[in-house]
1. Calculate, for Thr86 and Ala140, the FRET efficiency according to 1/(1 + (r/R0)^6) with r their C-beta to C-beta distance and R0 30 Å; round to the nearest 0.05.
2. If Leu75, Leu148 are ordered by their accessible area, calculated over protein heavy atoms with a 1.4 Å probe, which sequence runs from highest to lowest?
3. In terms of solvent-accessible area of protein heavy atoms at a 1.4 angstrom probe, what is the ranking of Ser130, Ser192, highest value first?
4. List the residues, sorted by chain then number, that are 5 or more residues from Thr100 or on another chain and whose placed amide H is less than 5 Å from its amide H.
5. Quick check: at a probe of 1.4 Å, how many percent of the accessible area of the stretch 124-200 sits on carbon and sulfur atoms?
6. Net charge near Ile144: determine it from the other residues with C-beta under 15 Å of the C-beta of Ile144, scoring Lys and Arg +1 and Asp and Glu -1.
7. Provide, in order from the shortest bin, the percent of all Cα-Cα pairs of the stretch 106-160 in each 10 Å bin, continuing until the bin that contains the maximum pair distance.
8. For the stretch 127-135, what does the Karplus curve 6.51 cos²θ - 1.76 cosθ + 1.60, with θ = phi - 60°, yield as ³J(HN,Hα) per residue in whole Hz, taken in order and with x for Gly and Pro?
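The values are calculated or read from the model by the stated rules, or taken from the named source; none is laboratory data. The structure presented is a predicted model; accordingly, all values stated were derived computationally and were not measured. Quick reminder, even Gly has a Cβ in these numbers, built from the backbone with ideal geometry, and neighbours come from all protein chains shown. Only protein heavy atoms, including side chains, enter the accessible area calculation; ligands, DNA and RNA are left aside. Shrake-Rupley method; radii C 1.70, N 1.55, O 1.52, S 1.80 Å.
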Amino acid sequence: MLRRACLALLAVTVLAGCGDDEPTPATSVPSAQPSVSAEASPSAGVSPTPSPSPAINFTVDGAGPYTIGANLEALKSGGVLDKIATGAETCPANTTATGTDVWKDIQLQFRPDGVLYLVVNRSKTIPTPSGARLGMTLAAVSSIYGSLGKELNGGAAYLVTTTSGRGILFDLDQNKKVFAMIAGDAAYLKSSYEGGTDFC
């Protein structure tokens with residue numbers, strides 16, 4: 001009886017391995033599976049791309065999340081502010097702060113109503129979209145912006161004004177090199193700089 005059972009098992013095993021029709025679908029199904037997963041993995045590779053980080057540059061509108069007109073409380077709740085202080089010796093009613101991470105050398109000025117009105121770039125690694133950066137000479141900056149720019153106070157600063165009415169003030173040291181860039185309303189930047197009002 002044991003011998004019959006062994007023979008029956010052997011017959012089933014041989015029959016299962018001998019048919020040509022059944023293994024073909026079995027091999028075609030696994031080959032279909034990798035092609036599906038191969039299509040899925042490129043689409044998975046595409047999904048990280050939709051999160052492009054904002055360009056690391058400084059514009060007339062500010063830098064990164066720090067755009068002119070942004071709200072102090074919103075930026076606070078977003079966790080993107082550092083060194084928040086109110087009541088400084090200059091502009092005591094205003095609040096100042098700095099950015100975080102790559103924006104740590106960006107300084108911010110908020111009016112008493114919490115509106116961001118001034119963004120100052122003191123980072124050597126954050127240029128303007130046109131390529132102007134800290135350390136450049138007045139001649140180099142003026143060659144980039146041409147008729148958009150104008151020297152202030154006998155070349156102590158250089159103001160670039162855009163059609164939006166906003167601008168960047170390039171503050172220059174005694175060697176006519178940029179040591180800070182200030183973004184804000186161009187007319188306000190001009191009047192404040194020429195009047196020496198500390199941008200309050």
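1. That pair, Thr86 with Ala140, gives E of 0.20.
2. Ranked from most to least accessible, the order is Leu148, Leu75.
3. Heavy-atom accessible area, descending, gives Ser130, Ser192.
4. HN-HN under 5 Å from Thr100: empty list.
5. On the stretch 124-200, the fraction of accessible area on carbon and sulfur atoms equals 53 percent.
6. +3
7. Answer for the stretch 106-160: a P(r) of 20, 45, 28, 7 percent.
8. Residue by residue, the stretch 127-135 yields x, 7, x, 7, x, 6, 8, 4, x Hz.
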